[in-house]
Each structure stands twice: as structure tokens, then as C-alpha cells.
Amino acid sequence: MYVKRYYSFWMTVRWSKFSLIYGFLYSFVIILLYEITNIPFSLPWQPISVIGIAVAFFLGFKNNSSYDRTWEARKIWGAIVNDSRTFATGILSLPSSNLTFESKRQLIYRHLSWVLALKHAMRKEKSWEHNLPVNKLNFIPSFIKEYNDGVYMEINKYLSEEEISSLKTKSNIPSQILKNQSKEIGLLYEQKFISDHKQVWLHKLIGNLYTNQGMSERIKNFPFPRQYASTGLWITYIFCGLIPFGLLDIFAESRVLHYWLTIPFSAIIIWTFFVVDRIGDYSENPFEGGYNDVPISSIARAVEIDLLEMLEEENIPEPYAVENGFLM
């Protein structure tokens, strides 16, 4: 996630440079053919502008819907942060005479494993996402290392070898960790280490974690409907393809440079529409690890730091640093 106040102008241009270059070249070819052939193939601007209005409305709808997915993802992970702190505080508040500190530590460790496992589950590649392969993320090298190391590199220090071996045979690691956590709480209740009220409260909290996980998986595993994404792209192509023909009709009346002014103005308009389309396109999938996605790695690390400090551990990891203005 980019965390500075603004992208610089040149960063924006580099991110969308191909739309500008192709728009310039396309307009140049149209004007060159117009110059060579002298065929009056210009079009009136009025019907083209009507198409442009329709494209603008559609792109506005697409971008709003894409932003909703990103904002919902951020709210989900904000709830995970709150529930994590609540869970750790609830465990540590249990009377020491009933439950040893080591048992409390293991419960909190397992919860940390769930947060980290969910983070890695959200980073798995999907066919409709953009950053394939992941090594294209040149601006966030620490993310590439985290991705290549995998989930077990992070959770090995928090779970027993027996539990890790069991998880390796499962397809949904976060769900299995929550199941193990629920079973452990049930066992502690049977052994009279926790009260009836606390047992119900903890299971309700685990239910909240399952809900957060399910909502996160819904965004990850269900793409923005392809008909909206595809239609927006194609109608943008159609509109942008007509722009030089419409501007020819306008600039041919000029006594200075005549229709050659069509080239820069067409390129700028084409670039503008494709930039707007691309913003929505990259907001559809907020867990890819791209520059504008929800920084779930940093959020998970913040949870890890908070809970380890509650346990008064000594070896506490550092927060992820901002790299080139980006937070992963």
C-alpha cells in the first residue's frame, strides 16, 4: 500500500505509460493516413461524446464497486485486529490459579498462527489477478521473500511439530487452526480451568474469527463479476478508438497546425480514460500484494507485536518498514 500523501506525476505516468504511448501512436497513424489519402473520414463529435458519457458513467460504477471491495477488506482486517486483542486480553485475564501462564501462551500462539496463516491464504494467486508471477513486485522485495518462504516459515515457532504435521495434510489451514483452538478451549472447560461464562464467550469470539475469515475469503475467492470488468474495457476501447476521428472534425477548422493537434489531444483523452479504468481494475483484488492493496502483512505483524508484548516476550519482531513509499 502506498503511504505517502500523493503519487508523483511521473510515478502516475510510469504506471500508465503504455496507454499514453499507444494512444499517441494510434492517433499519429490515423492522422498520417488522413494526410496521405486525403479521404475525409472524420466523424462529428456529438455522437462520440454521447458514447463518452456512457463510458464515464460505467467506469464510475465500476470504480465505486471496486473501491467497496477494498474498503470492506480493510474493515474485515480491522475487525481481526480488534478481536485478536480482545482474545489475548480475555485469555490473560483468566485466573492464574486455574490456568498456567504456559497454557495461556500456547492459546495466544495458536491465535497468532491463525492470523499469519490467513494472511498467506489471502496472498495465494488467482487467475483473475494481475501480479503473476509475484516477482514482478519489484518495489516490495520483502513481500517477495515472505511469499517465497511460505506460511510454515512463520507459524513453525508458534505451533508444535505434531500440529504442524497435521496442518500440512489440510487444504484450509486457518480453518483447521481455529478448529484446534476451539477443541483446546473445550478441553480446558472440561478440566474446569475456565468457567461456563468464559467458555461461551471464547467460543463466540472464535465464531467472530470464522466470520472474519469467511468474509475475507469471499472477497479473495469471488472475483469482481467478469461481465462488468470486461464490458468496461471493451467500451473504453471503442470510445477511445473513435476519438481521433471526432477531433479531426474539430481541429481541421484551425488555421494553425490544423488536424495535427488531434494527435496530442487524442493521446491525452485516451490516456485519461484508460487510467480511470485501470484504477478500478487494480482495486478489485485487495489482497494481491500490489501497491494499492490492503497491507495485510503489516496488519498481521502489528497483531503479532501487540500480542507478544502482552505476553512480555523478549524476541519481538520489528514492524515492517516503508519501502520506497510502500507498505506491504
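The values are calculated or read from the model by the stated rules, or taken from the named source; none is laboratory data. Everything numeric in this text was worked out from a predicted model, so none of it was measured. Cβ coordinates were reconstructed from backbone atoms using ideal geometry, including for glycine residues, and neighbour counts include every protein chain displayed. In case anyone asks, the SASA skips ligands and DNA or RNA and just uses the protein heavy atoms, side chains included. Shrake-Rupley method; radii C 1.70, N 1.55, O 1.52, S 1.80 Å.
Quick notes on this one:
- Every condition in (1) open to solvent by less than 60 Å² (accessible area, probe 1.4 Å); (2) at positive phi is met by ASN38 except one, and the failing one is (1).
- Within the range 96-130, restricting attention to residues that are at pLDDT below 90 and closer than 25 Å to GLY280 by Cβ, the residue that is surrounded by the most Cβ atoms within 10 Å (Cβ to Cβ) is ARG123.
- Scanning the range 195-233 for residues that are within 29 Å of PHE57 (Cβ to Cβ), small (Gly, Ala, Ser) and surrounded by fewer than 17 Cβ atoms within 10 Å (Cβ to Cβ) yields a total of 1.
- Number of positions in the range 166-194 that are assigned to a helix (DSSP H, G or I) and either in contact with a helix residue (DSSP H, G or I) (Cβ under 6 Å, 6 or more places away or on another chain) or open to solvent by less than 70 Å² (accessible area, probe 1.4 Å) (or both): 16
Residues are listed down the side, and each one gets a yes or a no for (1) of a type outside the set (Phe, Trp, Tyr); (2) modelled with pLDDT of 85 or more:
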{"residue": "LEU242", "(1), (2)": "yes, yes"}
{"residue": "PHE251", "(1), (2)": "no, no"}
{"residue": "SER254", "(1), (2)": "yes, no"}
{"residue": "LEU257", "(1), (2)": "yes, no"}
{"residue": "ASP281", "(1), (2)": "yes, no"}
{"residue": "ASN285", "(1), (2)": "yes, yes"}
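- Taking the range 274-289 as the range and being in a loop (DSSP other than H, G, I, E, B) and either among the hydroxyl-bearing types (Ser, Thr, Tyr) or open to solvent by less than 10 Å² (accessible area, probe 1.4 Å) (or both) as the test, the residues that pass are GLU284, ASN285, PRO286, PHE287, GLY289.
- Every residue from the range 80-95 that is open to solvent by less than 30 Å² (accessible area, probe 1.4 Å) and not acidic (Asp, Glu): ILE80, VAL81, SER84, PHE87, ALA88, GLY90, ILE91, LEU94
- The set of residues in the range 31-88 that are charged (D, E, K, R) and over 30 Å from ILE206 (Cβ atoms) comprises GLU35, LYS62.
- Residue match in the range 247-256 (condition: open to solvent by 60 Å² or more (accessible area, probe 1.4 Å) and among the polar types (S, T, N, Q)): no
- Test: SER8 is under 26 Å from the mean Cα position of the chain (by Cα), surrounded by fewer than 18 Cβ atoms within 10 Å (Cβ to Cβ) and of a type in the set (S, T, N, Q): yes
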